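Visitor: Input: one structure, supplied below.
A short reminder: the numbers here are calculations on the coordinates, not readings from a lab. This structure is a prediction, so every number in the text was calculated from the model and none was measured. Glycine also receives a Cβ, built like all others from the backbone with ideal geometry; neighbour counts cover every protein chain displayed.
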Amino acid sequence: MGDRLAVEVRDLVRRFGDFVAVDHLTFSIREGEIFGFLGPNGAGKSTTIRMLCGLLLPSDGAAQVAGLDATREAERLRRRIGYMPQLFSLYPDLTCHENLEFYAGLYGLPSAGRADRIAALSERLQIYPIRDQLTATLSTGWRQRVALACAIVHEPPILFLDEPTSGVDAATRQHFWDVIADLAADGTTVLVTTHSMEEAERCNRLVMIDRGRLIALDTPAALRAGLAGGLWQVDAEPLLPALAALSASDFTLDASLSGAQLRLRVTDGLADPPAAIAQVLRDAGTTVAHISPGAASLEDVFVALVGDHEQGEGT
Ligand SMILES: Nc1ncnc2c1ncn2[C@@H]1O[C@H](COP(=O)(O)OP(=O)(O)OP(=O)(O)O)[C@@H](O)[C@H]1O
Ligand SMILES: [Mg+2]
């Protein structure tokens with residue numbers, strides 16, 4: 001990963017009427033970085049990406065992408081980036097191969113090396129067998145493969161992938177992420193949105209946004225380490241009354257079922273969490289079998305941050 005910046009976003013804002021979809025976002029992405037973009041539905045991820053690709057005008061703020069101003073130099077920018085939109089980007093009445101040809105032309109790929117490039121890419125994304133099929137007739141996973149191929153056909157230095165693995169099976173997901181890792185290793189900068197915390201773990205850094213605002217930005221490990229409150233796993237019988245009792249206790253920040261266990265996040269100041277948890281369970285007439293420390297997952301971080309943010313807003 002280089003030290004130079006591929007993307008610099010400063011105080012970016014997008015309003016739709018009175019509604020603020022993107023609310024003063026500031027972050028930067030280093031060259032060769034895999035940068036994950038997380039947030040609940042409607043957080044403003046796709047809207048931000050569209051502004052970074054020069055497809056939507058910001059209401060305020062600025063974005064530099066590949067050294068170009070995403071607003072004023074949008075036309076030049078388009079050849080230096082690849083964009084895989086969340087919704088459909090392929091022409092349904094063209095075959096896979098024709099779509100690739102079309103995008104290669106659109107992105108100005110010289111015709112001399114075009115056939116070789118498309119052949120290599122079809123090999124890498126394993127779409128050779130479906131090259132002559134109309135994209136309208138493809139299943140979601142295959143369509144996503146072709147859409148990814150179209151977004152990188154011109155070997156852009158910066159790639160924007162908006163939920164590339166949505167609707168894609170587990171094996172294809174792994175394959176996509178191997179392709180993303182290879183691209184990044186070759187110096188491509190990748191901004192990728194996902195709702196999968198497993199995928200988020202494969203990013204170098206993550207930004208979490210909620211209702212247009214940045215709520216966290218760090219490496220996956222640092223985000224996990226920084227989760228406020230201690231996590232505990234509890235075996236208790238019967239499970240649902242135990243969950244209800246712990247959810248209602250003062251020291252609980254978050255309680256949920258995880259298989260046949262309870263997962264609990266407790267406030268930082270609690271002196272002896274296992275004793276406090278056991279006391280609540282005994283008072284509720286439930287039997288405690290086991291209480292052990294839990295490890296934070298990105299999902300815990302996400303739920304905690306989005307929840308805290310909402311409570312902070314008084315909603
Ligand atoms: N053209 C538009 N006009 C009005 N509102 C819009 C427009 N585009 C987006 N929005 C609103 O802006 C908010 C952010 O939408 P956006 O698509 O960026 O969210 P997202 O984070 O990508 O969500 P998802 O995870 O569901 O894809 C939503 O409330 C959406 O309804
Ligand atoms: Mg979106």
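Visitor: So if I restrict to the alpha-carbon atoms in the chain, what is the Rg, and what is Dmax, the biggest pairwise distance, in Å?
Guide: Answer for the chain, Rg first and Dmax second: 23.0, 77 Å.
Visitor: Rounded to the nearest 5, what % of the DSSP beta bridges within segment 5-224 are antiparallel ones?
Guide: The antiparallel fraction comes to roughly 55 percent.
Visitor: Add +1 for every Lys or Arg and -1 for every Asp or Glu among the other residues with Cβ under 12 Å from the Cβ of residue 197, and state the total.
Guide: Taking every Cβ under 12 Å from that of residue 197, the sum is -3.
Visitor: So how strong a dipole does the chain carry about its Cα centre when Lys and Arg Cβ are +1 and Asp and Glu Cβ are -1, to the nearest 20 debye?
Guide: Working: 27 positive and 41 negative charges, 165 e Å.
Dipole about the Cα centre, nearest 20: 800 debye.
Visitor: Among 255, 305, 293, flag the residue with its Cα farthest along the positive direction of the charge dipole of segment 218-315, charges on Cβ as +1 for Lys/Arg and -1 for Asp/Glu.
Guide: Result: 293, furthest along the dipole toward the positive end.
Visitor: Taking the Cα centre of segment 1-131 as the origin, how large is its charge dipole in debye, to the nearest 20, when only Lys and Arg (+1) and Asp and Glu (-1) carry charge on their Cβ atoms?
Guide: 140
Visitor: Once you charge only the Cβ atoms, +1 for Lys and Arg and -1 for Asp and Glu, what is the size of the charge dipole of segment 67-140 about its Cα centre, to the nearest 20 debye?
Guide: Values: 9 positive and 9 negative charges, 58 e Å.
Using only the charged Cβ atoms, the result is roughly 280 debye.
Visitor: Of 203, 35, 84, whose Cα points farthest to the positive end of the dipole of the chain (charges on the beta-carbon: +1 Lys, Arg; -1 Asp, Glu; origin at the Cα centre)?
Guide: With unit charges placed on the Cβ atoms, the residue in question is 84.
Visitor: In degrees, nearest 10, range 0 to 90: what is the angle between the Cα axis of helix 96-106 and the longest Cα principal axis of the chain?
Guide: 70
Visitor: Tell me, how many Å apart are the Cα centres for segment 217-240 and for segment 156-194?
Guide: 28
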